[in-house]
Amino acid sequence: MTIEEYMEDVAPEQKEAFARLMQVVDENIPTGFTKEIQYGMPSYVVPKTRYPDGYHCDTSLSLPFFAIAAQKRHIAVYHMGLSANEPLLSWFQAEYPKHMTTKLNMGKGCIRFTNPKKIPYKLIGELASKVTVDEWIHQYETAIKN
């Protein structure tokens, strides 16, 4: 599956919000991450050319960092760094209420938006921009070794 094919399958009520979210991440993610389908969703990864070891769960895969998925009842943003970087998580949790009136719907590294008309694009763009490839590799290796 390609990213274009994934986008074609997004539900009509989510399509505009999903496309805008992808655009915001594309515009803000630091140089060096590449976009591909990973685990069935559009993902931003550290390519194997930059990090040949790949992902410890499946070393044939590039190192995942950020992904966006259109689920049945929500749009999900997956940020691997949130679970590995306490200051980043604290920053995001503190910033969220400044952009949204709804309660943060979040798992360990997954942020869920049940209303496609209420997505804090600026905040998600800023979140996407906060960790460079080198910083992510360092965080990842530190977390895996511990």
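What the table below lists for this structure:
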read-out: Residue in the stretch 85-92 that is within 21 Å of THR114 (Cα to Cα) and either at pLDDT below 95 or not small (Gly, Ala, Ser) (or both) present; value: yes
read-out: Filter result (surrounded by 14 or more Cβ atoms within 10 Å (Cβ to Cβ) and of a type in the set (S, T, N, Q)) within the stretch 16-39; value: ASN28, THR34, GLN38
read-out: Residues of the stretch 84-96 classified as free of Cβ contacts under 8 Å to residues at least 40 places away in the same chain and either surrounded by 12 or more Cβ atoms within 10 Å (Cβ to Cβ) or of a type in the set (Val, Ile, Thr) (or both), total; value: 6
read-out: So ARG73, is it among the basic types (Lys, Arg), exposed (fewer than 15 other Cβ atoms within 10 Å of the Cβ) and at pLDDT below 95; value: yes
read-out: Considering residues of the stretch 110-146 that are aliphatic (A, V, I, L, M) and part of a helix (DSSP H, G or I) only, the residue surrounded by the fewest Cβ atoms within 10 Å (Cβ to Cβ); value: ILE144
read-out: In the stretch 89-109, the residues that are of a type in the set (A, V, I, L, M) and either within 20 Å of PRO64 (Cα to Cα) or outside any loop (DSSP other than H, G, I, E, B) (or both); value: LEU89, ALA94, MET106
read-out: Residues of the stretch 48-59 satisfying the condition of being under 11 Å from ILE137 (Cα atoms) and either in a strand (DSSP E or B) or without any contact (Cβ under 8 Å) to a residue 40 or more places away in the chain (or both); value: ASP53, GLY54, TYR55
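The values are calculated or read from the model by the stated rules, or taken from the named source; none is laboratory data. These figures come from a predicted structure and were not determined experimentally. Heads up, the Cβs are rebuilt from the backbone with ideal geometry, glycines too, and the neighbour counts pull from every protein chain shown.
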